[in-house]
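S.K.: Pasting a structure below so you can have a look.
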Amino acid sequence: MATLDDASYSPAAKPYKPPVVAPGHTPATVTDKISSVVLQRTPKWWYVAFGVSFFLLMIFMMAVTKLFLTGVGIWGINQPAGWGFDIINFVWWIGIGHAGTLISAILLLLRQEWRTSINRFAEAMTLFAVACAGMYPVLHTGRPWLAYWLLPYPNTMGLWPQFRSPLIWDVFAVSTYATVSLMFWYVGLVPDLATLRDRSKHKLAKIAYGIPAMGWRGSVKHWHNYEVAYLLLAGLSTPLVLSVHTVVSFDFAIGIIPGWHATIFPPYFVAGAVYAGFAMVLTLALPLRAAFGLHDFITQRHLQNMAKVMLATGLIVVYGYAMEIFFAWYSGNHYEAFMAMNRVLGPYKYHWMTLILCNAIVPQLLWIRKIRNSPFWLFFVSMFINVGMWLERYIIIPVSLHRDFLPSSWGMYRGTIWDWATFIGTIGLFLSLLFLFVRLLPMISIFEMRTLVPDAKGGTNLGGETTEMPR
Amino acid sequence: MDSDHGVKGKCGAEASRRPDAGAPLDLEELREKLRQKRGPELWRSLDELAGTPEFEDMLHREFPRHASEWPEGVSRRSFLQLASASLALAGLTGCTRQPVEKIVPYVKKPEQIIPGKPLFYATALTQAGYATGVLAESHMGRPTKIEGNPDHPASLGATDIFAQAAVLTLYDPARSQSISHAGRAATWDTFTAELSKTLLAQQALGGVGIRLLTGTVTSLTLADQIQQLRTRFPQLRWHRWEPAGGRQAFVASMRAFGRPVETRYDFAKADVVLAIDSDALTQGPGSVRYQRDFAARRRVRANQPEQPVSRVYCVESQPTNTSTVADHRLQLAPADVEAFVLALAQALGVAGGAPATLPQKAADWLPAVARDLQAAPGRSLVLGDEYCSPAVQILIHGINQRLGNVGATVLYTEPVEVDPVDHLVSITELVRDMNAGRVEVLLMAGVNPVYDAPADLGFAAALDKVPLRIHHGLYDDETSAHCHWHIPAAHELESWGDARSFDGTVSIIQPLIEPLFEGKSLYEVLALLANQPDATGYDIVRQHWQRLLPGDFEGAWSKALHDGLLPNTQMPPVGVAVAGGAVQQAAAEVASSVQQARAQQGRVTLYFRPDPTIWDGRYASNVWLQELPKPMTKLVWDNALVIGPATAGRLGLGHEEPVEVTFKDRKLRAAAWIQPGVADGVAVLTLGYGRDRAGDRVSGQGFNAYALRTSDALWTAPGIEIRGLGGRYLFASTQNHHTLQSGIQEVSKDGRISDDSEMRVASEEAQKRHLIRVGTLQEMRQDPEFVQKHREKPETDMTMFPPYDYKSNGKHAWGMAIDLNVCTGCSSCVVACQAENNIPVVGKEQVTRGREMHWLRIDRYFHGDLEEPTIHNQPVPCMHCENAPCEVVCPVAATAHSDEGLNDMVYNRCVGTRYCSNNCPYKVRRFNFLRFSERESPLYRMLYNPDVTVRMRGVMEKCTYCVQRIEQAKIESKVDSQPIPPNRLQTACQQACPTQAIAFGDINDEQWEVTRWKADKLNYGLLEELNTRPRTTYLAKVLNKNEAIEKLAPAEAERTEHGHS
């Protein structure tokens, strides 16, 4: 790792910070501890948890079957609210997907070594969230079997997508993001796959881990190539963290609907995405940490830092809310002013109040150190943020649409049972993938953790026992 | 023969089997229970049944059982599957024709038929007996669209909604498709055999037991046939019952003139119009023509500011379409309206007696109105139609006579109805005779008295005493359920006939298609009675006219068929005068009626009115009309007990709250709808709903007003009780449906609609946003630019790209302008658009979800006080924006700009992201959320316009400016090598519009009317500040205010937009 040769890195040279790995670990114990999660017998609770997730996934399958057979009319969308849960969930999942890349790439480039214990996990979460999000643009179309027309491909009709549409930008942004995230995650996994290959006893497992390990032997050349590739991918991912949600925000900002047409959207959306992403990382990491006993690797320091990021991005989001209302008044634009009033005092005022409670008020608890240190309270706050960020998209999408320019066309929006089934179903997909991930792959980067063990500071035992160079 | 019969019987039984046999209690079962009862027992048992929990449950259900049991979101589809399945079953073996689908070239090419090119036939359609001349468009033998006949005086090229929707009735799968005997399929031969036995027996008795019951008849051929029948059966009696006919006008005419006369108006000559509780502009036989004449006097242009404009006052208890185009509207309680007429009669010296007392506002109004009327002798017009009591109508006759209007703006002619009678007396006598056992054979043609006869007559019970009951009609309805025989009627587009229009002009009705089912026309059924079972409608009608038309009959006949009318058959005016005694007596009656009404504090009067879309119930099965928003309430698929906020507040009733209405011991469960503009003390319930045999789609929808309508209260039921039952009935309305929100008390005790109700917020926002720009003639004359000052209009050069120059590229630039000053909100354009463009119907449940598909809608806005508002209409089609927000956001370029400036929608390319609709500030785009278009039904397939794509689910659609018509015109112009002649090309909405409020054409060419409209300073674009640069624009509403009234109470005078800005 690049950080290893950095002379400035020394815990003693800085004010005391809680360690990123609990004391007493050696590279060997790190490897044992993390790989044992994968290699041991499947714990009983895993079956239960995966079973529940899989059941939710089946709900998703049912909802989608119904959707394809009957049409998007099973949802609550209507005139004037042509988008509802479909796009809310799309943006929500994409937002959640942001934390992974941010943690992996940006924190890597900023040399925040504390990221190491959570990056693998966060990247996986990103991938699964993007998979869930990526489903919606296809599902939400009236004729999903023709959704491939959004892709620029040569065809006999000589037709291209309409490049001025933000939806096309979305296609590029999301698909690029998904691809780069996948590669980044996979490249990071290769040394650990080799560890698992070497450590697993079962022949099938050896083969299964061996193939994706791509013959990794831990040679210096391997390490060199790996470092370069990983750094390059981190460099590639970094602008994507900013661009994806910026482009997603264009879906709205390009539109002329009051409540959508705002220049503040790109930064506001990116901050919101990081906010939501960290909340989701905490929501998932805290229970898993307890379940697998990973307190040594996901330490108080991690929790503290994530809480601080949430607090900071949360404040940016609140600033966004304030500015939306301020500009509605300051612009002197009647439609904007009405939109702001309608959000706060209109028929969806309770949604708005809940949003403010979840996203603006409850997260202020994070100013308190005790709360930042308490897994329970962090989980509590994160859940509020998860709900709040979903409501934010609800407020932006159907609530802006439901009363736009002509009062004659006003209406109301409410999700149907199928909207909920699809939403819950994607949560099922997400959790199913996640449980498979924690069961089959090391959820914490083994080799990177080893580098954080104080013992490793000398830099002699880089490869650890399983990645020694062949003699 | 026998086996054939057997098969048919089986088929009929299959087809009528209900999908949900065994449900706790449904209408079918209830009917069955009732059917077993007879006579007076029937009504008693209805009350008993009404007490059962199942019945309560049924009343409380939002949807009729059949609708609600389908899974969410697909009810309409399932219904149509069932409908088409049952149709298929019905057609499978039963009915005579099997569609043979072979492709065979013509051996002999029929004259004129060119595949792909429509033919137009002049014919007429009747509405309650009165004809409107129409041109029916036929594609390869299938009538697909109705247009007005420009040569016909009742049409002048335009139509009403009923004519537009006639093609759907023709192809309605709910039409009865087979002769039936006691509910089982039978044949015409068995019917004739059985009937002739009875008739032979009757012949010996002089036909003393034979009775006919019809609606209003204007057909001379029918009259002649009945006359001839009387030679065979001298004692035969002919009864009439038209539930929404002109009965009170008839009584008024008898009392005023001593003879029946038809009252006809000439709006073109009227400078000052005063309408008393009248909707003459959009209801009644002459309404299409009246609208045209009215509009001719209301075209205000800033470029010609001095052009004289007529002035319209409305004095009414509930808002009408007429009052949406009035200059002044005075909202009064029913008794005060009567008092107003009396006071006006007194002020004009028509009537004497003690001066009528009026509420302050009306008292202030009266002298101003009276002066205005007096200043225009012979050029004023006071309207009070059928719904005013006979006494009030007599006063109005007297007023018009005093003002010198008779012979000028008011014409009295011989009645158009053949052999006019008092329908109420006529049906009462029939019931009396049936009860007395004097009726042996009853033929009911085109009527449904079991459903719509006055409730106190007990028609159904009396009917059951008649030994042979025959029903002839388009539908197997409530009446046919009580009959031995049901003979399906041929639709007017399937049969020969004739009829007269409001002014007496005779039209020959010619068929465009062979009867689809076993339909027989009334002419043929009457011929059977006259012992001519084989006479065809064609022979009967033709022979009749052969006797009447002198000279070259063939020439005259073909010319009549070609033109759609017989020239010079208008009714000439007759010289009548109102008897002075009648006026004095009427004045006394009105005075006492007013006094009586005022004596009862807080009395609520129930108004029965024909439904604006399904009339008296005869169009209940027509789903276009069911889904057409009612102009004032914007309700679809339902009627409602419409009350004003004041009454609602006083009685503590909530919006959409189920209520029980009691009138003289008769009770009706309905639901309240709070409507701005309805005066305190009045409730309005339209006729035609609460049907229980009108097909699965509409049975059980709405509330049956006939259950309360008694013979002494045909239009007005004074002193009803309304009791709120709590809860909420789910209405489907296309505009501001969500007035009720959780936790909001929508109307306060003093009758104020809550500040956060959507109705109030929407109304206030509409005014702040200057969507409807209104001014007065005085304002316009002072400052012709006044309309343009409301809103910033962005400069066209705010872009880096030069605007596309249609002109120098040799392209048309299609545009539309809509004159708000003359739009009455009659909605003909909406149905015309639906018929032209194959627009699907989605059903009530989908409308409650906000998914109606109309490409053209009429927005209704309340201005001013919600308790006493001014109401404006605004038709909204696609704006075809030059900078269309929908186009930039479509990811697949499925909506794009054409080189003629059209905003085209490419259905094949649409993947259905709905982004375009979200981004459309006008929300004119419509999305096929489900499979709304019925593609499998063989009947609906015949209906579709072959020039317009039928859209599948998942596809966006919207107004195209009738691009198929544009292309047709371009092809023709190319073939002829001539430019498209200006003003010839019309969109469907424009063509149907009775007031010619819509202009369309090439806005680069000054010869087109639309270009002149757009050049006017009154022209403005809706939301033009968004820089969408709409191609559809509006001409501002300019009212011709009476300054004397304006000065009265400036605070109260309606606040126009101008006043706000």
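S.K.: Somewhere in segment B:715-724, is a residue under 29 Å from B:A174 (Cα atoms), touching a strand residue (DSSP E or B) at 6+ places or on another chain (Cβ under 9 Å), surrounded by 22 or more Cβ atoms within 10 Å (Cβ to Cβ) and in contact (Cβ under 8 Å) with a residue 12 or more places away in the chain?
M.R.: no
S.K.: If you scan segment B:955-997, which residues turn out to be polar (S, T, N, Q) and at positive phi?
M.R.: Result: B:S977, B:N983, B:Q996.
S.K.: I'd like the residue in segment A:339-363 that is touching a residue at least 60 places away in the same chain (Cβ under 8 Å) and out of contact with any helix residue (DSSP H, G or I) (no Cβ under 6 Å at 6 or more places or on another chain) and, out of all such residues, is farthest from the other protein chains (Cβ to nearest Cβ).
M.R.: My answer is A:M339.
S.K.: Inside segment A:40-129, counting only helices (runs of 4 or more DSSP H) that do not spill past its ends, which hold 2 or more residues that are among the aromatic types (F, W, Y) and within 14 Å of another protein chain (Cβ to nearest Cβ)?
M.R.: Hits in segment A:40-129: A:85-96.
S.K.: Go through segment B:202-229 and count every residue that is in contact (Cβ under 8 Å) with a residue 12 or more places away in the chain and outside any loop (DSSP other than H, G, I, E, B).
M.R.: Selection size over segment B:202-229: 16.
S.K.: Might you check whether a residue that is over 27 Å from the mean Cα position of the chain (by Cα) and at pLDDT 90 or above occurs anywhere in segment B:157-179?
M.R.: Yes, there is a match, as at least one residue in segment B:157-179 is over 27 Å from the mean Cα position of the chain (by Cα) and at pLDDT 90 or above.
S.K.: If we scan segment B:928-935, do we find a residue that is of a type in the set (S, T, N, Q) and either within 14 Å of chain A (Cβ to nearest Cβ) or surrounded by 22 or more Cβ atoms within 10 Å (Cβ to Cβ) (or both)?
M.R.: Scanning segment B:928-935 turns up at least one residue that is of a type in the set (S, T, N, Q) and either within 14 Å of chain A (Cβ to nearest Cβ) or surrounded by 22 or more Cβ atoms within 10 Å (Cβ to Cβ) (or both).
S.K.: If you scan segment B:884-905, which residues turn out to be in a loop (DSSP other than H, G, I, E, B) and within 10 Å of chain A (Cβ to nearest Cβ)?
M.R.: B:C890, B:P891, B:V892, B:A893, B:A894
Listed here are the residues, each with its yes/no results for (1) under 30 Å from B:R142 (Cα atoms); (2) within 14 Å of chain A (Cβ to nearest Cβ); (3) assigned to a helix (DSSP H, G or I).
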| site | (1), (2), (3) |
| --- | --- |
| B:E845 | no, yes, yes |
| B:F862 | no, yes, no |
| B:I871 | no, yes, no |
| B:C878 | yes, yes, no |
| B:N908 | yes, yes, yes |
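S.K.: Residues that are of a type in the set (D, E, K, R) and closer than 24 Å to B:L156 by Cα: does segment B:476-497 have at least one?
M.R.: Within segment B:476-497, one or more residues are of a type in the set (D, E, K, R) and closer than 24 Å to B:L156 by Cα.
S.K.: Which condition does B:V441 not pass, out of (1) among the β-branched types (V, I, T); (2) crowded, with 24+ Cβ neighbours inside 10 Å; (3) in contact with a Gly (Cβ under 9 Å, 6 or more places away or on another chain), if it passes all the others?
M.R.: Going through (1) among the β-branched types (V, I, T); (2) crowded, with 24+ Cβ neighbours inside 10 Å; (3) in contact with a Gly (Cβ under 9 Å, 6 or more places away or on another chain) one by one, B:V441 breaks only (2).
S.K.: Restricting attention to segment A:135-172, which residues are away from chain B (no Cβ under 14 Å) and buried (at least 20 other Cβ atoms within 10 Å of the Cβ)?
M.R.: Scanning segment A:135-172 gives a single hit, A:M135.
S.K.: Can you tell me which residue among A:A262, A:A279 is among the small types (G, A, S) and more than 20 Å from the chain's Cα centre (by Cα)?
M.R.: A:A262
S.K.: While we're here: Output the residue which, of all residues in segment B:940-975 that are of a type in the set (S, T, Y) and under 15 Å from B:W814 (Cβ atoms), is farthest from the other protein chains (Cβ to nearest Cβ).
M.R.: B:S973
S.K.: So, one more: Name, by its number, the condition in (1) touching a Lys or Arg at 6+ places or on another chain (Cβ under 7 Å); (2) farther than 26 Å from B:T605 by Cβ; (3) outside the structural domain of B:Q318 (by TED's automatic domain parsing) that does not hold for B:A455.
M.R.: (2)
S.K.: Something else: Which of the following residues is over 27 Å from B:A453 (Cα atoms) and either modelled with pLDDT of 80 or more or crowded, with 18+ Cβ neighbours inside 10 Å (or both): B:D712, B:D755?
M.R.: Of the residues listed, the single one that is over 27 Å from B:A453 (Cα atoms) and either modelled with pLDDT of 80 or more or crowded, with 18+ Cβ neighbours inside 10 Å (or both) is B:D755.
S.K.: For segment B:579-595, state whether one or more residues are at pLDDT below 90 and touching a helix residue (DSSP H, G or I) at 6+ places or on another chain (Cβ under 7 Å).
M.R.: Yes - at least one qualifying residue is present in segment B:579-595.
S.K.: Kindly check whether there is at least one residue in segment B:845-866 that is of a type in the set (D, E, K, R) and within 30 Å of B:G810 (Cβ to Cβ).
M.R.: Checked segment B:845-866: no residue is of a type in the set (D, E, K, R) and within 30 Å of B:G810 (Cβ to Cβ).
S.K.: Name every residue in segment B:731-745 that is more than 13 Å from every other protein chain (Cβ to nearest Cβ) and at pLDDT 80 or above, in order of residue number.
M.R.: Result: B:F731, single match.
S.K.: Still on this structure, please answer the following. Please report, ordered by residue number, the strands (runs of 3 or more DSSP E) entirely within segment B:477-575 with at least 2 residues that are closer than 21 Å to B:L199 by Cα.
M.R.: Because the criterion is at least 2 residues that are closer than 21 Å to B:L199 by Cα, the strands (runs of 3 or more DSSP E) in segment B:477-575 that meet it are B:485-488.
S.K.: Right, next: Among the residues of segment B:746-780 satisfying the criterion of being over 30 Å from the mean Cα position of the chain (by Cα), farther than 27 Å from B:P1030 by Cα and basic (K, R), which is farthest from the other protein chains (Cβ to nearest Cβ)?
M.R.: Only one residue fits best here, namely B:K749.
S.K.: Tell me, yes or no, whether segment B:980-993 has at least one residue that is among the hydroxyl-bearing types (S, T, Y) and more than 14 Å from chain A (Cβ to nearest Cβ).
M.R.: yes
S.K.: Could you check how many residues of segment B:919-953 are within 16 Å of B:M853 (Cα to Cα), in contact with a Phe, Trp or Tyr (Cβ under 6 Å, 6 or more places away or on another chain) and not in a loop (DSSP other than H, G, I, E, B)?
M.R.: Of the residues in that region, 0 qualify.
Residue-wise test of (1) under 21 Å from A:G134 (Cα atoms); (2) under 25 Å from the mean Cα position of the chain (by Cα); (3) free of Cβ contacts under 8 Å to residues at least 24 places away in the same chain.
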| site | (1), (2), (3) |
| --- | --- |
| A:S200 | no, no, no |
| A:K203 | no, no, yes |
| A:I211 | no, no, yes |
| A:G215 | no, no, yes |
| A:L231 | no, yes, no |
| A:V247 | yes, yes, no |
| A:D251 | yes, yes, no |
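S.K.: Being under 24 Å from B:C959 (Cα atoms) and crowded, with 24+ Cβ neighbours inside 10 Å is the requirement here; does B:V841 meet it?
M.R.: Yes.
S.K.: Sticking with this one: How about segment A:313-416: which helices (runs of 4 or more DSSP H) wholly inside it have at least 1 residues that are surrounded by fewer than 17 Cβ atoms within 10 Å (Cβ to Cβ) and among the charged types (D, E, K, R)?
M.R.: Because the criterion is at least 1 residues that are surrounded by fewer than 17 Cβ atoms within 10 Å (Cβ to Cβ) and among the charged types (D, E, K, R), the helices (runs of 4 or more DSSP H) in segment A:313-416 that meet it are A:349-356, A:369-373.
S.K.: What strands (runs of 3 or more DSSP E), lying completely within segment B:109-172, carry at least 1 residues that are in contact (Cβ under 8 Å) with a residue 40 or more places away in the chain, charged (D, E, K, R) and surrounded by fewer than 23 Cβ atoms within 10 Å (Cβ to Cβ)?
M.R.: Hits in segment B:109-172: B:142-148.
S.K.: Let me ask another. Working carefully through the options B:A296, B:A275, find the one that is of a type in the set (G, A, S), free of Cβ contacts under 8 Å to residues at least 40 places away in the same chain and under 29 Å from B:G133 (Cα atoms).
M.R.: Checking each option against the conditions leaves just B:A296.
S.K.: Identify, by number, the condition in (1) in contact (Cβ under 8 Å) with a residue 60 or more places away in the chain; (2) aliphatic (A, V, I, L, M); (3) part of a loop (DSSP other than H, G, I, E, B) that B:M800 doesn't meet.
M.R.: (1)
The values are calculated or read from the model by the stated rules, or taken from the named source; none is laboratory data. Predicted, not measured: the structure shown is a model, and the values here were computed from it. Cβ: placed from backbone, ideal geometry, glycine included. Neighbour counts: every protein chain shown.
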